[in-house]
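Engineer: Sharing a structure here in structure tokens format.
The values are calculated or read from the model by the stated rules, or taken from the named source; none is laboratory data. Predicted model, so just to flag it, every value in this text is computed and none were measured. Please note: Cβ atoms are built from the backbone with ideal geometry, for glycine as well, and neighbour counts cover all protein chains shown. Side chains included, ligands, DNA and RNA excluded: accessible areas come from the protein's heavy atoms. Shrake-Rupley method; radii C 1.70, N 1.55, O 1.52, S 1.80 Å.
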Amino acid sequence: MAGNAESPAPVGARQEQDKKVRSGWQGGAKVWEETEQQAKKLKSSADGEPRRKLPKRKIVLLVAYSGKGYHGMQRNVGSSQFKTIEDDLVSALVRSGCIPENHGEDMRKMSFQRCARTDKGVSAAGQVVSLKVWLIDDILEKINSHLPSHIRILGLKRVTGGFNSKNRCDARTYLYMLPTFAFAHKDRDVQDETYRLSAETLRRVNRLLARYKGTHNFHNFTSQKGPREPSAQRYVLDMFCEEPFERDGLEFAVIKVTGQSFMTHQIRKMVGLVVAIAKGYAPEDVLERSWGEAKVDVPKAPGLGLVLERVHFERYNRRFGNDGLHEPLDWAGQEAEAAAFKEQHIYPTIVSTERHERSMAQWLSTLPVHDFSATAQAAASPRGQVPSPQDGSGGDGDSD
């Protein structure tokens, strides 16, 4: 038995052998590390990401788009059935190389936020989104090269690291473009293209629109919002109708409204109720009743003519706009380009769609079915007293 046992190797020989093993392992590890690093570089290059690591920076983008054919602004991750503006925007960001692909799959990774969740078919000439990107060379040109012509990035500015375009926004300005026959009396043809808005009717429309100014309870101008919820209170800074103009033989007018924030469908219902009053379907006192406790039937104008015109950041500009490090969020330098985009992509779409689909004319024909005199008390209160507000949900984001 003892003769079959192996003799232990001398101590010196064992140390020499261990040295060779360690040397061989270290060499192999070094080769493996170099191979792995090379593979990562190749993968990075293949994915279209920059070879050298660039720091991400928080920026805002000024975005203009025609909303026809899209189911609103906000992306629905995992749903390919309804295409949104952000689907095309995020795809362009990835393909241009200013965000990695996984940021497109999970937008929280790039701290993405939009000022307003515009609804289906609604356009914008001044939407602002905030996000973190790699500031690659010629970034605007590269992003726009991967976008369709009806979506354009008009400007880019650096902002503070914690900037959130929705929370930092003081106010939003929308415009609503509609054919002026919408203000014709109900006794006229529902689509009389020869109708021209008189100065007297325009003054009356502006008098009605001006009554929206100030703080009111707009629970009747949206859905799933009770009259006692604090978030139903909204502040409107201004609302008026501009002088009419002709396009393709049809007269149009533009209503502009500025407010701190708007609930879903609020602007379209504000326009719809004034149209119903101007045409003679509803009495003027329905405006006051619509801000009360009672449930009032408020018609919703078509989404076609609604455009997000501009977003405002006055408080941010006062604090950071002149600190020597950040630019004020003022897009005066892009106004001409935004106006050209509206003339080329937004206004023609509104005019041609109204011509072919008659969305306003069809909606006007539904006004007689509304009962503007009937009300239903949303919450009973003794002796007609208005109940004090209860705790409710906080103010939701701008979504019309």
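Engineer: For the range 171-208, name all the residues that are assigned to a loop (DSSP other than H, G, I, E, B) and not aliphatic (A, V, I, L, M).
Structural biologist: Scanning the range 171-208 gives 185, 186, 187, 188, 189, 191, 192, 193, 194, 195, 196, 198.
Engineer: Take the residues in the range 325-363 that are open to solvent by 50 Å² or more (accessible area, probe 1.4 Å) and hydrophobic (A, V, I, L, M, F, W, C), then tell me which one is nearest to residue 160 (Cα to Cα).
Structural biologist: Among residues in the range 325-363 that are open to solvent by 50 Å² or more (accessible area, probe 1.4 Å) and hydrophobic (A, V, I, L, M, F, W, C), the one nearest to residue 160 (Cα to Cα) is 325.
Engineer: Okay, moving on. Given (1) assigned by the TED database to the domain that holds residue 292; (2) open to solvent by 50 Å² or more (accessible area, probe 1.4 Å); (3) within 23 Å of residue 345 (Cα to Cα), identify the lone condition not met by residue 152.
Structural biologist: If we test residue 152 against (1) assigned by the TED database to the domain that holds residue 292; (2) open to solvent by 50 Å² or more (accessible area, probe 1.4 Å); (3) within 23 Å of residue 345 (Cα to Cα), just (1) comes out false.
Engineer: Please specify each residue of the range 302-328 satisfying the condition of being more than 22 Å from residue 241 (Cα to Cα) and either among the hydroxyl-bearing types (Ser, Thr, Tyr) or in contact (Cβ under 8 Å) with a residue 60 or more places away in the chain (or both).
Structural biologist: 313, 314, 315, 316, 320, 326, 327
Engineer: Still on this structure, I have one more. Of 236, 275, 286, 257, which residue is assigned by the TED database to the domain that holds residue 177, within 12 Å of residue 178 (Cβ to Cβ) and among the hydrophobic types (A, V, I, L, M, F, W, C)?
Structural biologist: Exactly one residue qualifies, and that residue is 275.
Engineer: Could you grab the pairs with beta carbons closer than 8 Å, sequence gap of 6+ or different chains, first residue in the range 329-352 and of a type in the set (A, V, I, L, M), second one open to solvent by 50 Å² or more (accessible area, probe 1.4 Å)?
Structural biologist: 351/247; 351/248
Engineer: Given the criterion in contact (Cβ under 8 Å) with a residue 12 or more places away in the chain and either assigned to a loop (DSSP other than H, G, I, E, B) or surrounded by fewer than 20 Cβ atoms within 10 Å (Cβ to Cβ) (or both), identify the matching residue among 126, 69, 104.
Structural biologist: Step by step, each of 126, 69, 104 is checked, and only 69 is in contact (Cβ under 8 Å) with a residue 12 or more places away in the chain and either assigned to a loop (DSSP other than H, G, I, E, B) or surrounded by fewer than 20 Cβ atoms within 10 Å (Cβ to Cβ) (or both).
Engineer: Now, a different point. For the range 72-101: of the residues being buried (at least 18 other Cβ atoms within 10 Å of the Cβ) and on the phi > 0 side of the Ramachandran plot, which is modelled with the lowest pLDDT?
Structural biologist: 72
Engineer: For residue 220, which of the numbered conditions (1) part of a loop (DSSP other than H, G, I, E, B); (2) crowded, with 18+ Cβ neighbours inside 10 Å fails to hold?
Structural biologist: Of (1) part of a loop (DSSP other than H, G, I, E, B); (2) crowded, with 18+ Cβ neighbours inside 10 Å, only one is false for residue 220: (1).
Engineer: A further question follows. Could you go through the range 192-215 and let me know if any residue there is touching a Leu at 6+ places or on another chain (Cβ under 8 Å), more than 27 Å from residue 248 (Cα to Cα) and open to solvent by 10 Å² or more (accessible area, probe 1.4 Å).
Structural biologist: yes
Engineer: Got a sec? Which of 182, 116 is closer than 23 Å to residue 73 by Cα and touching a Lys or Arg at 6+ places or on another chain (Cβ under 8 Å)?
Structural biologist: Criteria check complete, one pass: 116.
Engineer: Now, a different point. Return yes or no: is residue 287 touching a Lys or Arg at 6+ places or on another chain (Cβ under 7 Å) and within 20 Å of residue 363 (Cβ to Cβ)?
Structural biologist: Details: touching a Lys or Arg at 6+ places or on another chain (Cβ under 7 Å): yes; within 20 Å of residue 363 (Cβ to Cβ): yes.
Criteria met by residue 287.
Engineer: A further question on this structure: Could you pull out every one of the strands (runs of 3 or more DSSP E) wholly within the range 228-321 that has 3 or more residues that are open to solvent by less than 50 Å² (accessible area, probe 1.4 Å) and under 29 Å from residue 341 (Cα atoms)?
Structural biologist: 233-241, 250-259, 306-312
Engineer: Of the conditions (1) assigned to a loop (DSSP other than H, G, I, E, B); (2) modelled with pLDDT of 85 or more; (3) more than 24 Å from residue 126 (Cβ to Cβ), residue 326 fails just one. Which one is it?
Structural biologist: Among (1) assigned to a loop (DSSP other than H, G, I, E, B); (2) modelled with pLDDT of 85 or more; (3) more than 24 Å from residue 126 (Cβ to Cβ), residue 326 violates only (3).
Engineer: When only residues in the range 51-66 that are open to solvent by 40 Å² or more (accessible area, probe 1.4 Å) and not in a strand (DSSP E or B) count, which is modelled with the lowest pLDDT?
Structural biologist: Taking the candidates together, the pick is 51.
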